[in-house]
Structure formats: C-alpha cells, structure tokens
1. Restricting to the stretch 311-360, name every residue that is in a loop (DSSP other than H, G, I, E, B), open to solvent by less than 50 Å² (accessible area, probe 1.4 Å) and either within 12 Å of the ligand (Cβ to nearest atom) or of a type in the set (Phe, Trp, Tyr) (or both).
2. Here are some residues: ARG464, ARG456, ARG448. Which one is assigned to a helix (DSSP H, G or I) and surrounded by 16 or more Cβ atoms within 10 Å (Cβ to Cβ)?
3. Inside the stretch 250-264, can you point out the residues that are modelled with pLDDT under 95 and within 24 Å of SER182 (Cα to Cα)?
4. Would you point out the residue of the stretch 73-84, among those that are part of a helix (DSSP H, G or I) and in contact (Cβ under 8 Å) with a residue 60 or more places away in the chain, that is nearest to ALA56 (Cα to Cα)?
5. Tally up the residues in the stretch 5-28 that are within 11 Å of the ligand (Cβ to nearest atom), assigned to a strand (DSSP E or B) and of a type in the set (Val, Ile, Thr), please.
6. So which of PRO145, PRO151 ends up being within 22 Å of LEU262 (Cβ to Cβ) and either crowded, with 17+ Cβ neighbours inside 10 Å or within 15 Å of the ligand (Cβ to nearest atom) (or both)?
7. Going through the stretch 168-184 one residue at a time, which ones are in a loop (DSSP other than H, G, I, E, B) and within 18 Å of ARG45 (Cβ to Cβ)?
8. CYS70 fails exactly one of the following numbered conditions: (1) touching a Leu at 6+ places or on another chain (Cβ under 9 Å); (2) more than 26 Å from GLY267 (Cα to Cα). What is the number of that condition?
Amino acid sequence: MAQPLTPDICVIGAGSAGVAAASAAAAFGVPVVLIANGRLGDESRNAATASTKVLAAAAERVHAVRNGGCFGLQAARFGVDFAAIGERVREVADVLAGNDTRPRLAALGVRVMEGEARFADPRTVVADDVTVAARRFVIATGTAPALPPIPGLADTPHLTTDTMSDLAACPRHLIVIGAGASGIALAQAFRRLGAAVTVLDSAAPLSGSDPECAAIVLDALAQEGVTLRTGVEIAQVHRDLARIVVEIKTPAGRDTIEGSHLLVVAGRRPNVESLALDAAGIRYQPDGIVIDSRLRTSNKRVYAIGDVTVAAGSHHLGHHHAELVVRHAVFRQRVAVDAGIIPAVTFTDPELAQVGMLETEAREHAGAIRVLRWPYRNNHRARIEQATKGHIKIVTDRRGDILGVTIVGAEAGEAIAAWALAIGQKLNIGAMAGLVVPYPSYGEVGKRAAMTYFMRGLTSSRVRRIIGWLRRLG
Ligand SMILES: Cc1cc2nc3c(=O)[nH]c(=O)nc-3n(C[C@H](O)[C@H](O)[C@H](O)COP(=O)(O)OP(=O)(O)OC[C@H]3O[C@@H](n4cnc5c(N)ncnc54)[C@H](O)[C@@H]3O)c2cc1C
C-alpha cells in the first residue's frame, strides 16, 4: 500500500457541496484531498436537475403559446420535439458540470482521488488502496433516489429523476408516485407537454409547505388537467404488456389506474452504506448523518454537509454548509447553521417559495403574530403579464420582526431572496415597507404587504388626534 496522504482536509464526495468545500479550502492554501467515486460534480444529479428545469422551461413556453390569445398570439398548430428537449437537457447538464472540472480544481490545489471512500478507523479513510489520514474529514456523499416499499414496484419498469432524461417521447399517460416539490413540478411540466398525468401519494401534496399557498399551486394543476390522488395507499404495481397498472386503496374502496409510464419521485436516501461510519463512531439515522449546529458529526474530527445530512436538501443549502465548514475547520471561527435563512422553492407555475417559519411554527414560537398578505391580482406587472394567481404571506411577531415569508406567484423564487436577507439581518417589517421598488415589478407585492402592517395604526383614533394636533401648529 502507498504512503498515507496527510492533508489538512479530506472531502468525501464530489457533488456540489463537496466540490464547493474543497475549492474554498484550497483557495486559502490549505492542503485538500477530494475523493470522487464518479465524474466530478455528480453527472446523474446534474442530469436530474437539468431535466427537471429544462422540461419545466419547455412546458412554460408551450403553455404561453397555447394561452397567448390575449397578447395577439395565434398558433393554431404547433408541436413539441422531445428529442430537441433531450438535446437541451444534455447541453444544460454540461453547463452545470462546467465549473467542477479536474483542471480547475487542480489549479486551486485540490488533489482529486478516484474511488469509493470508507472509514478504516476514526482518523483514517481508505479509497482505492490509498489511505488518507487527514486533520479533518468532510462527508458530502449526497443521496440516491429511494424506492418506496410498494409490492411489485422494483420489478416494474419505472423512471426516476436520474433516468428521466432517457425519455425519447412524451408519455401518453404518466403516473407519478410522489406529490412533493419535484413530483408536482414534473406533473405540471409533462401535462403541459401533452401527457395525461396522475399523481399518487399516501400523504398530502406539498406537505411541507404553507397549506394556504400550496392550495393555489394545486388548484392551478387541477385546472390544467393533472389528476391528483393523494391520501391513498398504493397497494400494488405491475406491468401488463405495454401498460403500467397501479392498484390503490382509498377510504371509498379499491381502484386501478393504468398508464403508459411510471415516474417515482418518492424521496431520497442518504449515501452512507459504503462509508463504514460505525468504524469511525459517526452516528446516522434513516434520513441522514446526525450533525450539530457547527456541522460536526458525533466524531469531532468529521463534518458532514449537504444532502447526506438531511432528508430534503438543496444546492444552496450544500453551498452554505460548505462555506461554514471551511470557516470552522480552517479559521476556527464560531459558526452556526441558521435554517431560518435557507429558502425552499417549488418550481411550478405559479412558483411557491418559502423562507423562515410557517404560520403554525411562528404561532408556537412567538404566540401573538401578525399575518400580512397582498394578492398578485392587485399588482400592475402581474396584470400586464396575465400572471395574477397567488399572493405573498408574511408572518411577523407583534413588534413587526419578520419570522417567515411564503410567496406563491410569478417569480416567487427570485423575490424570496430579499426576504431571506431580511430575516437573516433581523430586519423589521418597517424596513421592507420603506423599500423603494421599481414600477411595474412583482417586488411591489411584498412592499404593499409590508405596508399593511401599519394600516391599523394609521386609522387609529390616537394617530388621528396627533395629526389634528400637528395641524394646529400651522
Ligand atoms: C431532480 C432534482 C432536481 C433538483 N432541483 C434542485 C433545484 O432546483 N434547486 C436546488 O437548490 N436543488 C435542487 N436539487 C437538489 C440538489 O441537486 C442537491 O441538493 C445537491 O445536488 C446536493 O449536493 P451534495 O453535494 O450534497 O450531494 P450530491 O450532489 O448527491 O453528490 C454526492 C457525491 O458523492 C458521491 N459519493 C457517494 N458515496 C461516496 C463514497 N463513499 N466515496 C466517494 N464519493 C461518494 C456520489 O456519487 C456523488 O457524486 C434537485 C435534486 C434533484 C434530484
């Protein structure tokens, strides 16, 4: 066996979080080894992200053409070329992978090793016969699609978000198992591209979101013809010649759904099996590696970041983790993950974006709260664009400190960033009410909602008395 490598930091897993942590540490001149078991940047994850986003972008354009009558568009006949969409997915996946190339990492000073890493003991990792004894380890091994234990599912042909880009044509009838953010977004995209779509889930759809705002998305899907059957038990799945047959149990009895294709988007499981975490004394549970607020595992020499630490992660959460881990491991700064500033976005039309606490959480946390709303239909940009579905919902405490924000509507994913900053900087709602936003823009929706916080005060008899008194001064 070769001499052990002894870098300061060894990062395991070359997905977006791992590459971000390795590059940031190396940029400060710290010796870093990055262990990659596949192509850098995670090829399948780039393909999955690219296919969901490109399908949604294509579907949005189809929808705009079909519904462009009020803008004078007349497109009596048009078609969708699925092969061209596939080509675009591959292009975008390559762009997403572009920054994670080996020469770029080598130029930064990262030593990239190929292999499947596993812990030999609490201070040592082995990959492809090379031993790494680093001062600190960072686990960033991500997740893989999880298959729910439904009888017959494993033996029935099905797609996942990792394999979806292989589709050569639009499915005739797509059955989607899983009504979370990805399942719902894909259901809408495939429906717009021409498929009949049925979504099945044992739980409520978009269950982690604000129910009032999620209902607006679900209503939009229903209006577009997506069939949602949630709160049902999926009893069995099998293939019958060219058909996929799903048997469900509902409170009303049994039912059978037949489709041409099956897409399973029913959660992900952390990639921990191959790591031999027990050998290093690292605690983990079914939804990921257990970490403290500084991202340290139960072995204080080892951190874990990104999706491997939580059931539902995101690209930006992984990058936030990467920044914090470098500050803690390299500069020994005090850091703490603040879940309250991490936005979550469901890329449907209308988009659903959320940061901070939901209304129910805020009530538990603060007791008395204020809920401020403003509808898109009262916004001039939304009227111009014919994008009037949705509203913003802001939750503050009694003093106006912002606790959480949900936006359902056009470009909600863009607008939520300002609210993440407001919560992170502990701004009062007065700061957002005083913001000068361009006209006409969707940004006015948030400002107008913030201004409603002061409406009660403006109409109070005390304020009227003060105004009367000031008037007498001349
Ligand atoms: C369909 C889909 C759409 C998404 N869309 C969005 C979106 O719009 N916005 C957003 O923010 N997020 C999105 N995400 C989530 C985002 O892709 C993930 O949160 C992010 O990629 C997680 O990064 P990661 O580095 O933690 O893990 P990963 O990207 O999973 O990378 C982990 C890497 O570690 C490797 N590995 C595993 N075990 C070992 C081992 N023992 N040794 C060495 N290497 C190992 C894996 O093979 C992989 O290459 C989406 C995810 C999916 C599936």
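1. Within the stretch 311-360, GLY313, SER314, ILE342, PRO343, THR348 qualify.
2. ARG448
3. Selection gives THR250 alone.
4. Filtering the stretch 73-84 for residues that are part of a helix (DSSP H, G or I) and in contact (Cβ under 8 Å) with a residue 60 or more places away in the chain, the one nearest to ALA56 (Cα to Cα) comes out as PHE82.
5. 2
6. PRO145
7. GLY178, GLY180
8. Condition (1) is where CYS70 drops out.
The values are calculated or read from the model by the stated rules, or taken from the named source; none is laboratory data. Computed from a predicted model, the values in this text were never measured in an experiment. Counting neighbours? That spans all protein chains shown, and the Cβs are built from the backbone with ideal geometry, glycine included. Please note that ligands, DNA and RNA were not included when accessible areas were found on the heavy atoms of the full protein model with its side chains. Shrake-Rupley method; radii C 1.70, N 1.55, O 1.52, S 1.80 Å.
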